[in-house]
Amino acid sequence: MDSRTTGVRQGAPPRGTAPAQFTVRLSSTPRGARLARLSATRWLDEHGVPFRGAASRTAAVVVAELASNAVRHCGGIGRDFRLRLVLGVGPAAGGTLRVEVTDARADKRLPPGLPRSSGRGLVLVNALAERWGVRVNDAVTKTVWAQLRLPASSVAVRGGRERG
C-alpha cells in the first residue's frame, strides 16, 4: 500500500495527514460491549496512548458506557452496533479522541441535558468528556458521540499503517 491508501507515509510522522481512525461492528451483547472497550484500549496503545495511562482508562470508561447503552437499547433484537474512534494529534499540546457508537434505534432518542435514568452511564460520560451529543443519522440509526481531550504526555505519534 502506498501513502495514498494508508494516509501515512512510511518512516515519517503523520504530519498533515488525516486523523487515525478505527471502526468495528460488534454484536449488541454484553460480550460486544466488552470487546468494544478492549479493542479501543488496544488500538489507542498502538497509536501512542499507553494502555495503563490515565487517558486510556478514561477512554475505556467512555467507550464502555456508550457501548453498554447501545446494547441496552438494541440488544436482544439481533441488531449490531458500530464503534468508531478518531484520534487527532495536533502540533500543540496533546490531541483529541472522538468516540462514536452507532446503533439501530433512532426511536430511542436521549433526552436533552443530563439524563435521568437508573444507571450512571451518561452522567459519567458527561463528567469525563470535553463534550458529547447525539446525532440521528437516518430513520433507523443514531450515533452517540463523546470527545475527549488527551494531554500531550499521553499521546505519542507513531508511524506505520492505519488499521480499521
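Could you check the spin-label model distance between L128 and F51? Points 7 Å from the Cα along Cα→Cβ, value in nm.
Taking the two extended label points, one gets 1.8 nm.
Under a Cβ-Cβ cut-off of 10 Å, what is the net charge of the residues other than A33 that fall near it, where Lys and Arg count +1 and Asp and Glu count -1?
+3
Since every read-out is calculated from the coordinates, none of them should be taken as a lab result. These numbers were taken from a predicted model, which means no experiment stands behind them. Every residue, glycine among them, receives a Cβ derived from its backbone with ideal geometry; neighbour counts consider all protein chains shown.
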